[in-house]
Amino acid sequence: MQKNIDMVMAAFDYNRAEPCIVRETDHWAVVYKPPHLPTAPLRADERNTLVYWFLHSPEAEGDVLFDDMQTDALLDATQIDPQEPPAEYGRDIQEVQVGNKPAIRPTGRRIREAQVRGKKAIEAGLLHRLDTDTRGLVLFAKDQVVYDFLAARQEAGQMIKTYCAFVEPNGAPEIDDGYDFDATELSMLKELSAAQGQVIVQERIAAQLPLTLESQFRNFGPGAKRVAPVVSGSRHYKKDGRLYTTVIETSDILPSPIDGNDTVPETVCESLSPPPLIRLCCRLSRGYRHQVRAHLAAAGLPIVGDPLYAPQGAEAPPEAAQVSLQLYAVSLAFPDPENPQQNIRVALPLPDRMNP
């Protein structure tokens, strides 16, 4: 029987501007990446990246948490669900470059970690990437043996990533020249997302969950910065191509004001109040760049603040202009390098509001 070790943080500040170590052992480290910071360097001399920060951050002593953040360490003797089919390590990312990258201030040096050779030599023990504007958890291996072990498990679909996203249903996706998901379930979801009233939409979406979105992908657009889901029957579908799966597991409704601005002046007419937000949680093992963003947009559920897949139009909520991409990598689950018969899950609390 395979067991889970859950390491769940009780609280977290998603507005912090710098990375931090969320959980670290002698063999691996889970690091929080803030928005606007690229995960990996494109050149050996590039400094404003998460990899550079990690290699120059002070090493934690043993299995500890950074910044004295509270956690709940839960040991659960529960079976995990069967894993997805064998997965592919994430492709190279052509990330949206922005001008407000956090400045990295190195305070130490990790010699052992710098000697790990990952997918690329300059990436050290980095196991996977996040888009530049996505915030959340990233896993590093601290030695070559552990990297090779975790990379193989990731290839086998045994590293499970959970994302949380705030979405603004539009019911009118325009992706892959009109080729989008045509499954009955997704057609129903798109019809629901076009309905009036966020609460009703959320309730009807929840009734369809869990919902599996599966496709191949192709790059398209200027500079191939975007990706489009490619489903069976479309002109771009390849018979032997890889399939990538995003499972929408949960949905709920939250108030829409961002980052603690929960009060609405009495002088504001109730009819002008912004609609509530729909928050989704998605799970995947096999990752393609922009996978969650493109899948949700193709389902008529684009993520708030997404400059590529949810351009803000005249009907966009006013608060959308004040926030960056509202996609959060909130959980990582992977086999324990010291005991492959058990899984480790490191998780942040779900964001309860949008963040700038």
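Every read-out reported here was derived from the displayed coordinates using simple, explicitly stated rules and does not represent laboratory data. As the structure is a computational prediction, the values presented were derived from the model and not from experiment. Cβ coordinates were reconstructed from backbone atoms using ideal geometry, including for glycine residues, and neighbour counts include every protein chain displayed.
Between their Cα atoms, which of LYS142/LYS225; LYS119/LYS239; LYS119/LYS142; LYS120/LYS239; LYS33/LYS225 are more than 24 Å away from each other?
Values: LYS142/LYS225 32 Å; LYS119/LYS239 27 Å; LYS119/LYS142 14 Å; LYS120/LYS239 29 Å; LYS33/LYS225 21 Å.
From the list (LYS142/LYS225; LYS119/LYS239; LYS119/LYS142; LYS120/LYS239; LYS33/LYS225), the Cα-Cα distance tops 24 Å for LYS142/LYS225; LYS119/LYS239; LYS120/LYS239.
Beta carbons within 10 angstrom, averaged per residue: use that to sort the peptides 47-56, 127-136, 6-15, highest first. Kindly include the intermediate steps, with their values, before the conclusion.
Numbers: 47-56: 20.3, 127-136: 24.0, 6-15: 15.1.
The most tightly packed comes first, giving 127-136, 47-56, 6-15.
Can you tell me how much longer the chain between ASP148 and ARG43 gets when fully stretched, taken as 0.36 nm per residue apart minus their C-alpha distance, in nm with one decimal? The partial results should precede the final answer.
Values: separation 105, 0.36 × 105 = 37.80 nm, distance 2.31 nm.
So the chain would gain 35.5 nm between ASP148 and ARG43.
Out of region 121-174, which GluC sites (Glu not before Pro) are coil in DSSP terms and have no more than 15 other C-beta atoms within 10 Å?
On the way: sites: GLU123, GLU155, GLU174; in loops: GLU174.
Those that pass, being in a loop and sparsely packed, are GLU174.
Count neighbours as other Cβ atoms within 10 Å of each site's Cβ, and list the chymotrypsin sites (Phe, Trp or Tyr not before Pro) in region 108-155 that are DSSP loop with at most 14 such neighbours.
Working: sites: PHE140, TYR147, PHE149; in loops: none.
Within region 108-155, no chymotrypsin sites (Phe, Trp or Tyr not before Pro) qualify (loop, at most 14 other Cβ atoms within 10 Å).
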